[in-house]
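The values are calculated or read from the model by the stated rules, or taken from the named source; none is laboratory data. Here the structure is a predicted model, which is why all the values come from computation and not from measurement. Positions of Cβ are backbone-derived with ideal geometry, glycine not excepted, and every protein chain shown enters the neighbour counts.
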Amino acid sequence: MSVRSFVFGGVLSLGVILSAIGSANAACVSKSAKATAPTQSSAKWFAMETMVQAVSWGLWPGWVATGQVAGYNVTKERYKCSQGSGGYTCISWATFCTK
């Protein structure tokens, strides 16, 4: 086996391992959003809406209709809200994992 074949085989193996790790992590995605609205509950709603759209626009109609993100488990959902002159501003974070 030549050195060139050995190096190429090692690089190829490393690429396969890294792509497998990337695929495992691709099942979950973390998102964050910021929204302002007259009430705290509506600011949270708009922040979640923005995160759902960031995951996939195709999920949005179902989420608006049912409040569920079809095909995903939503975890680590957090909000940090503050009141200001324009109402409430909420920053949100959540992790979306495919089922």
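Among the residues of region 54-97, write down those that are under 14 Å from the mean Cα position of the chain (by Cα), polar (S, T, N, Q) and modelled with pLDDT of 95 or more. Answer for region 54-97, where residues must be under 14 Å from the mean Cα position of the chain (by Cα), polar (S, T, N, Q) and modelled with pLDDT of 95 or more: SER92, THR95. Taking the residues in region 25-45 that are in a helix (DSSP H, G or I) and at pLDDT 95 or above as candidates, determine which candidate is farthest from PHE96 (Cα to Cα). The residue in question is GLN40.
Selection of region 47-79 for residues being without any contact (Cβ under 8 Å) to a residue 12 or more places away in the chain, surrounded by 11 or more Cβ atoms within 10 Å (Cβ to Cβ) and under 17 Å from SER32 (Cα atoms) yields GLN53, SER56, TRP60. Within region 85-99, the set of residues being in contact (Cβ under 8 Å) with a residue 12 or more places away in the chain and closer than 20 Å to THR36 by Cβ comprises GLY86, GLY87, TYR88, THR89, CYS90, ILE91, SER92, TRP93, ALA94.
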